[in-house]
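One structure below.
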Amino acid sequence: MSEDSLINEIQDLNLTYLLLAQRMLQSDRASAMFRLKINDEMAELLLSLSARQLAKLSRTNQLLCRFGYEDAEQLRILTHQQREQDLSGFHSSLLMASQPPHNKPDETGN
């Protein structure tokens, strides 16, 4: 796969992610903020963006969404343990919910 093709796919995914985030926030703001791990200020900003602004924001070579599991062990547990299908989804939701929101660093850089 060529570099240009990858960048195009990243940009498509970014736009899809931003549009989904807006729809989630419009539908159920509290739930969306929890699932997206964003604060109220970010939710307001995302909701205020026009289609043109979303398209402009999506045109980058970096993914705007983050991988939900920051610990490889969490992913390993979910993918290698033999659990009932229903419990596996529930367990995954619990692990994702335990991740702290991605907030901006404070003035000290922490």
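Restricting attention to the range 1-37 and to residues that are at pLDDT below 95 and aliphatic (A, V, I, L, M), the residue that is surrounded by the most Cβ atoms within 10 Å (Cβ to Cβ) turns out to be Leu36. Here Gln11 fulfils each of the conditions (1) free of Cβ contacts under 8 Å to residues at least 40 places away in the same chain; (2) part of a helix (DSSP H, G or I); (3) of a type outside the set (Ser, Thr, Tyr) apart from (1). For the range 47-63, the count of residues that are at pLDDT 65 or above, farther than 30 Å from Glu3 by Cβ and out of contact with any Phe, Trp or Tyr (no Cβ under 8 Å at 6 or more places or on another chain) is nonzero. Quick check, is Glu41 out of contact with any Pro (no Cβ under 7 Å at 6 or more places or on another chain), modelled with pLDDT of 95 or more and not basic (Lys, Arg)? So Glu41 fits the description; yes.
The values are calculated or read from the model by the stated rules, or taken from the named source; none is laboratory data. Because the structure is predicted, anything quoted here is derived from the model rather than measured. Neighbour counts run over all protein chains shown; Cβ positions are idealised from the backbone, glycine included.
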